Amino acid sequence: MRIAMINQPWNPALPPVEAGSIAIWNDRIASRLASKLEIEIYSRTIRQVPNDSLHGRVHYRREPASHGPVFHWRRLTAGSRRGPEFADDYFYQRYARRISTNLAKHQPDVVHVQNLSQFLPEFRRAIPDAKLLLHMHCEWLTQMPETVARERLQHADAVIGCSAYITSLIRKAFPDAQATYGVLANGVDTERFCPPTVSRPAGKRILFVGRVSPEKGLHVLLDAMPDVAKHHPDAELLIVGPDSATPREFLVELSNNQTVRALKRFYRNDSYYSQLCRQAAASGIRVTFAGAREHSELPEIYRDADVLVNPSLSESFGMSLIEAMSTGTPVVATQIGGMPEIVEHGSNGLLVSPDSATELAAALVQILSDAPGRQSLGESARARAVALYDWSSVAESTRDIYHAVTAAPA
């Protein structure tokens, strides 16, 4: 069976891929399935890297990542677009058309498209007999005009969400779609993201890993810190991730969640990062903004933490949760999106209400105050990560979906 995986055009992918969650997903799954399937990954060109190259048994084919002139004209005349910019028919159209030419030449059995539903009609014209799988890692499909999404779903043989949360949103919005629905989780390398080999000194380090963006809820986390400091004045908060706020029109203006829509207040004056820095100065504990780090550095960062916190107000999955859990670090997360599927409250971590600094502080104090309980949560977290989210397990689930979609009648 021949599989074509389509990377998002803004993610340069040079194996071993260490940046871009979806580029990492494609790389990890492809490397594990390449002994059983013939896999090609389509990605954007990289300067001084061949456009066709073999990495292990995975063939990378690269095309320039560009929209084409129609998109740029429509960007200037937004009234001509059908929905938000990311949903536009011409969003990276040239990239899709160049890939289509290659697909027609190599005739894969399955084309695995990540997030960009506008690629489906283009690929269907190029390879009408192939099975098209749309894999959503966000809510875009249910945030664009319904008529646009329906037109594109006519070309999908399977629609997969990164969590049951995402899949259920799509199924509810399009119950009569002919596509098969399913779930493929994100994964973690449980050998690299492993617990420390020696016990580290007990501390009070709270860790956040992710983009510094309003929907990630860091302002709520910093609001919780004065209450944490009352019980643990020696606590510290380490924030790891780039200053990369999601454009307001890509999330806040599209959400039906009033808490998320209220985040527009963070886009009015200075940057979200600057506002957080002022909050941090009044938090009562030491706060360090460490910036972006290489993916290869993260295992040690997780191992040095006493608790990982994800206070997001909008989250399709929660990648930092499974990475921390794999290292045996207990987690605190909000009951939002796909995160309750990962965290079993009281077993491998704690769940709190979104946008509640009071509940967040109480959960952090509970974990920091109870060393035996913290160890027990960490051990359960590690076991759950190994059982459900190891890349090998996710790869086998992916192969099962490929076989199921190709076996289904046309």
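Things worth noting here:
- Over the residues of the chain, the helix contribution to mean residue ellipticity at 222 nm works out to -11500 deg cm²/dmol, using -39500 (n - 2.57) for each DSSP H run of at least 4.
- Label-point gap, in nm, between residue 234 and residue 406 - each point 7 angstrom along Cα→Cβ: 5.9
- Overall form of the stretch 205-387: prolate. Here a/c, set by the Cα gyration tensor axes a ≥ b ≥ c, is 1.5 or more, and a/b is the larger of a/b and b/c.
- The simple spin-label model puts a point 7 Å past each Cα toward its Cβ; for residue 383 and residue 173 those points are separated by 3.8 nm.
- For the stretch 308-410, the orientation-averaged shadow of the C-alpha convex hull comes to 7.3 nm² (one quarter of the hull surface).
- Summed over all non-identical Cα pairs, the Kirkwood treatment of the chain gives a radius of 22.2 Å.
- About its Cα centre, the stretch 282-410 has a charge dipole of approximately 80 debye under the convention of +1 per Lys or Arg Cβ and -1 per Asp or Glu Cβ, with nothing else charged.
- Total formal charge among the other residues, if their Cβ is under 13 angstrom from that of residue 286, Lys/Arg +1 and Asp/Glu -1: 0
- Label-to-label distance, residue 51 versus residue 271, with points set 7 angstrom from Cα along the beta-carbon direction: 3.6 nm.
- Counting only alpha carbon atoms, the long axis of helix 218-231 and the longest principal axis of the chain meet at about 20°.
- Distance-filtered residues of the stretch 99-124 - backbone nitrogen under 18 Å, label point 7 angstrom along residue 70 Cα→Cβ: 99-101, 116-124
- For the chain, share of DSSP beta bridges that run antiparallel, in % to the nearest 5: 10
- Taking a ≥ b ≥ c as the square roots of the eigenvalues of the Cα gyration tensor, an a/c ratio of 1.5 or more together with a/b no larger than b/c marks the stretch 180-227 as oblate.
- Here the stretch 205-387 is assigned +1 on the Cβ of each Lys and Arg and -1 on the Cβ of each Asp and Glu. Its dipole about the Cα centre then comes out at about 340 debye.
- Burial order of peptide ranges 323-336, 375-388, 129-142 (average beta-carbon count within 10 Å, highest first): 323-336, 129-142, 375-388
- Projected-area average for the stretch 110-218 over all orientations - Cα convex hull basis, square nanometres: 10.1
- Choice from 277, 162, 194 showing the highest fluctuation, given a GNM over the chain with Cα pairs closer than 10 Å: 277
- Cα-based shape type of the stretch 78-149, given that a ≥ b ≥ c are square roots of the gyration tensor eigenvalues and the cut on a/c is 1.5: prolate
- Given charges at beta-carbon only (K, R positive; D, E negative), |dipole| of the chain in Debye: 1040
- When each of the peptides 292-298, 226-232 is scored by the mean number of other C-beta atoms lying within 10 Å of its residues, the order from highest to lowest reads 226-232, 292-298.
- Sum of side-chain charges, residue 58 neighbourhood, beta-carbon under 15 Å (Lys, Arg +1; Asp, Glu -1): +4
- Residue 282/residue 129 FRET efficiency (R0 51 Å; Cβ-Cβ; nearest 0.05): 0.25
- Theoretical FRET efficiency, 1/(1+(r/R0)^6), r = Cβ-Cβ of residue 244 and residue 192, R0 25 Å, to 0.05: 0.55
- From largest to smallest, the equivalent ellipsoid semi-axes obtained for the stretch 302-352 from the alpha-carbon gyration tensor read 16, 11, 9 Å.
- The residues packed around residue 98, meaning those with a beta-carbon under 11 Å from its beta-carbon, carry a net charge of +3 if Lys and Arg are +1 and Asp and Glu are -1.
- Whole-angstrom gap from the stretch 250-272 to the stretch 367-410, using each part's C-alpha centre: 32
Quick note: the coordinates plus some simple rules give every number you see, no bench work behind them. As the structure is a computational prediction, the values presented were derived from the model and not from experiment. Every residue, glycine among them, receives a Cβ derived from its backbone with ideal geometry; neighbour counts consider all protein chains shown.
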